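Chemist: This is the structure I have questions about; it appears just below.
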Amino acid sequence: MARWGPSALALALALLEVALPGAGAQGAALEDPGYDVQDTWSQEPYYARGEPEPEPFSPRLPVGTLEEAQEPHPPAPRPPKKATKARKAPKREKLAPETPPPGKNSNRRGVRTQSPEKAASNEQGVPVAPGDVRAGCPPLGLETLKITDFQLHASTVKRYGLGAHRGRLNIQAGVSENDFYDGAWCAGRNDLHQWIEVDARRLTRFTAVITQGRNSLWLSDWVTSYKVMVSNDSHAWVTVKNGSGDMVFEGNSEKEVPVLNELPVPMVARYLRVNPQSWFQDGSICLRLEVLGCPLPDPNNYYHRRNEMTTTDDLDFRHHSYKEMRQLMKVVSEMCPNITRIYNIGKSQQGLKLYAVEISDRPGEHEVGEPEFHYMAGAHGNEVLGRELLLLLVQFLCQEYLAGNTRIVRLVEETRIHIVPSLNPDGYEKASEGGSELGGWSLGRWTHDGIDINNNFPDLNSPLWEAEARQSSPRPVPNHHIPVPEWFLSENATVAAETRAVIAWMEKVPFVLGGNLQGGELVVAYPYDMARSPWKTQERTPTPDDHVFRWLAYAYASTHRLMTDARRRVCHTEDFQKEDGTVNGASWHTVAGSLNDFSYLHTNCFELSIYVGCDKFPHESELPEEWENNRESLIVFMEQVHRGIKGLVTDSHGKGIPDAIISVEGINHDVRTASDGDYWRLLNPGEYVVTAKADGFSASTKSCMVGYDMGATRCDFRLGRTNLARIREIMETFGRQPGSLRARQPRLRGRKRRQRG
């Protein structure tokens with residue numbers, strides 16, 4: 001038996017080195033044109049569709065180590081898809097009629113597709129169909145937290161607060177950045193051997209990568225170019241190629257604007273790595289990312305089948321433009337003409353109408369004894385999830401009412417519901433240009449003239465607290481219906497048109513309870529939103545109705561699928577589990593002139609801010625799951641309008657008394673009756689001493705019991721005229737005007753002295 005020489009042995013080892021990775025690493029270029037062509041109305045998940053499972057192509061690894069593949073002088077970076085410029089996509093020859101891929105707006109900025117010829121040429125020689133739409137694959141879920149911390153790994157980290165688990169698109173740093181909650185993954189060293197890795201936990205067709213720099217007020221850190229590698233076992237890696245060499249993708253030019261880079265051909269694998277090649281010269285290797293990919297069907301994987309979220313509701317799960325929103329409202333109104341009414345509460349700065357949908361058994365009419373409720377969303381134009389949830393809610397209420405759902409029928413017949421899905425349509429139009437992935441954290445947040453609607457209301461807290469501090473009596477100043485300052489009403493005041501519209505709307509309709517849906521967090525915030533101590537940025541500042549607000553907040557949070565889950569990862573920096581998914585607004589961050597505080601101090605309405613998701617602008621594929629997360633909570637919160645006491649305040653003739661004051665002993669906040677004399681006062685279960693009073697009438701007090709069962713306790717009041725009021729009424733009947741009693745008293749005293757003299 002002949003011995004192998006050194007040269008023959010080296011050749012055999014080289015061949016073995018080439019063959020093994022090809023069998024193990026299935027980072028393949030796969031094309032299936034029909035995979036991304038989906039009906040946006042279908043309720044079937046894209047990964048549950050019947051289709052033959054393709055065999056992934058396994059490219060051969062280049063001979064040499066990873067260090068050899070990472071050249072110090074890489075090829076010229078490939079231009080990325082940025083969120084700052086728009087280019088029209090080239091016309092393509094379609095293989096079959098296509099519907100727009102879910103979640104991708106045709107007018108979104110930064111999506112520059114390759115030409116068919118360029119996309120069809122790759123070093124593996126795998127042809128790409130001209131009609132392929134790889135951008136149709138949704139995000140894996142780094143931003144939405146579907147990808148857990150255990151699925152993110154990195155070569156090195158600077159410290160725990162800058163670990164791989166912080167490398168999520170749009171994640172925000174805490175107030176103190178040098179803590180556990182910083183704003184990116186940052187490598188422990190600045191060299192070409194650093195990487196961040198995503199484990200999809202199943203074979204996935206990766207199509208694109210989106211990157212950002214580090215979220216920081218003080219530091220400038222971002223990656224300017226990088227390579228992408230894929231693997232099936234996290235040991236043997238295949239680098240994405242560009243012709244004969246490794247492809248180097250162009251990264252970010254600043255730290256906040258997301259940059260999307262499509263892979264030249266989709267790669268099928270389980271793991272994906274981003275390997276930075278260059279970075280900002282005065283900074284470090286830091287990035288946040290999202291990965292786009294389509295999970296391949298795997299019927300044998302129980303873990304994924306168990307965790308898949310589906311819905312049985314036949315609703316329109318997609319993002320709606322302003323025009324599409326109006327069309328959807330019209331369709332719902334035509335389906336349920338007897339319980340719906342479409343109207344607008346005003347116009348935006350750009351002249352777009354702020355549409356509202358009213359749902360009631362007698363739309364357009366305030367029924368005596370029936371409470372008024374509202375939902376609003378889209379005060380921040382880029383917080384799109386709330387907008388879509390309210391459009392889904394409108395459809396759901398209509399469908400369930402027609403189907404005879406007892407719970408929904410009772411809610412509609414006993415409540416007048418108002419829903420405003422888009423309070424800032426100008427901002428939404430701007431955010432939709434960036435789309436669900438490239439909008440960043442703040443694009444479209446403000447109105448057209450740069451105003452934050454949510455904090456644009458008059459500060460009524462300060463005058464109330466200042467007046468209370470100057471007086472020693474228990475109730476030195478009115479504790480409710482505090483008037484709007486005159487300066488705020490002037491035309492020169494910095495007040496958005498949308499804000500003025502909301503104020504006029506809330507003054508016109510006697511709302512009892514309301515919720516404004518926001519995004520970027522998962523918590524319910526209740527007033528006060530402004531800290532009482534002016535020098536503090538965080539201070540718990542409860543209202544006199546704190547116990548009621550905490551009940552209302554918990555009613556939503558406890559019925560949400562995730563808000564009270566103790567195992568849930570925090571969205572950014574705050575852990576709200578200690579209060580079961582609720583928080584006092586001022587203890588979170590102080591804000592002057594919030595909608596919640598204004599509503600409480602200027603009207604009868606108890607308003608809360610409901611933050612419905614970590615991702616402000618989720619991909620369309622996430623909408624069914626987000627609907628399931630929030631559906632029960634949205635209904636339960638509306639039902640809370642029927643807690644407490646309600647009734648009529650009338651005179652001796654049975655006529656309703658408007659603006660009568662309803663006071664509850666022990667609670668330093670009153671409410672007033674509506675124009676018909678009816679009132680509603682939200683209260684927790686218990687026994688309360690309630691007083692009704694009005695100008696010209698004698699006050700009336702009675703004990704009212706609030707039970708645990710749903711439904712407000714009826715507590716009516718009949719007020720009699722005071723003697724002075726009766727005298728004035730008699731004299732006015734006979735055409736004589738009574739003089740002021742205070743002015744007459746000195747004359748009466750003088751007359752008595754003269755008679756005694």
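The values are calculated or read from the model by the stated rules, or taken from the named source; none is laboratory data. Note that the structure is a prediction, hence the values are computed from the model and not measured. A quick note on method: Cβ atoms are made from the backbone with ideal geometry, for glycine too, and the neighbour counts reach across all protein chains shown. Heads up: the accessible areas ignore ligands, DNA and RNA and are worked out on the full protein's heavy atoms, side chains in. Shrake-Rupley method; radii C 1.70, N 1.55, O 1.52, S 1.80 Å.
Chemist: Heavy atoms of the protein only, probe of 1.4 Å, neighbouring chains included. What is the accessible area of C704 in Å², nearest 10?
Modeler: 0
Chemist: What nm distance separates the two modelled labels at S234 and A566, each placed 7 Å from Cα along Cα→Cβ?
Modeler: Each label point lies 7 Å from its Cα, and together they span 2.8 nm.
Chemist: Something else about it: When ligands, DNA and RNA are left out and all protein chains stay put, how many square angstrom of accessible area per residue does the range 324-641 have with a 1.4 Å probe?
Modeler: I get 36 Å² per residue for the range 324-641.
Chemist: What percentages, rounded to whole numbers, describe P(r) for the range 535-601 computed over all alpha carbon pairs with 5 Å bin width beginning at zero?
Modeler: Using 5 Å bins, I get a P(r) of 3, 15, 23, 24, 20, 11, 3, 0 for the range 535-601.
Chemist: At most 16 other Cβ atoms within 10 Å and a DSSP loop assignment: could you name the chymotrypsin sites (Phe, Trp or Tyr not before Pro) in the range 186-230 that fit?
Modeler: W218
Chemist: Quick one: what are the phi-derived ³J(HN,Hα) couplings along the range 229-239, Karplus 6.51/-1.76/1.60 with θ = phi - 60°, whole Hz, x for glycine and proline?
Modeler: Using θ = phi - 60°, the values come out as 10, 10, 7, 9, 9, 6, 10, 9, 10, 10, 8 Hz.
Chemist: A further question on this structure: What number, in percent, do you get for the relative contact order of the range 298-388 if the mean sequence gap of Cα pairs under 8 Å and at least 6 apart is divided by its residue count?
Modeler: 19
Chemist: Pull up all non-local amide H partners of V591: gap of 5 or more, or a different chain, and H-to-H distance under 5 Å with H placed in the peptide plane.
Modeler: M530, A531
Chemist: Taking H placed 1.01 Å from N in the peptide plane, check which residues at least 5 places from D716 or on another chain put their amide H under 5 Å from its amide H.
Modeler: Under 5 Å from the amide H of D716 lie the amide H atoms of L648, each far enough along the sequence or on another chain.
Chemist: For the range 324-641, count the residues as N, evaluate 2.2 N^0.38 Å, and divide the Cα radius of gyration by that value, please.
Modeler: 0.96
Chemist: Something else: List every residue whose amide H lies under 5 Å from the amide H of N344, counting only residues 5 or more places away in sequence or on a different chain, with H placed 1.01 Å from N in the peptide plane.
Modeler: Result for N344 returns A356.
Chemist: Starting at the first residue of the range 261-269, write each ³J(HN,Hα) from the Karplus equation 6.51 cos²θ - 1.76 cosθ + 1.60 with θ = phi - 60°, in whole Hz, x for Gly and Pro.
Modeler: 3J(HN,Hα) across the range 261-269, in whole Hz: 10, 7, 6, x, 9, x, 10, 9, 6.
Chemist: Which pairs, out of K323/K430; K430/K616; K655/K693, put more than 23 Å between their alpha-carbon atoms?
Modeler: Over 23 Å Cα-Cα: none of the listed pairs.
Chemist: Where does the range 149-296 land on Rg(C-alpha)/(2.2 N^0.38 Å)?
Modeler: Normalised by 2.2 N^0.38 Å, the Cα Rg of the range 149-296 equals 0.98.
Chemist: Shifting gears a bit: Express the relative contact order of the range 551-702 as a whole percentage, based on alpha carbon pairs under 8 Å and six or more residues apart in sequence.
Modeler: 19
Chemist: So, one more: Would you kindly state how much longer the chain becomes between R189 and V636 on full extension, computed as 0.36 nm times their sequence separation minus their alpha carbon distance, in nm to one decimal?
Modeler: Residue separation times 0.36 nm, minus the Cα-Cα distance, leaves 155.8 nm.
Chemist: Right, next: Note the full-extension length gain between S220 and E539 as 0.36 nm times their separation in residues minus their Cα-Cα distance, in nm to one decimal.
Modeler: 111.7 nm
Chemist: Sticking with this structure for a sec: Using Cα centres only, tell me the gap between the range 213-272 and the range 484-558 in whole Å.
Modeler: 42
Chemist: Work out, step by step, the length gained on full extension between S278 and D179: first 0.36 nm times the residue separation, then minus their alpha carbon distance; give nm to one decimal.
Modeler: Taking 0.36 nm per residue and subtracting the Cα distance, the gain is 33.0 nm.
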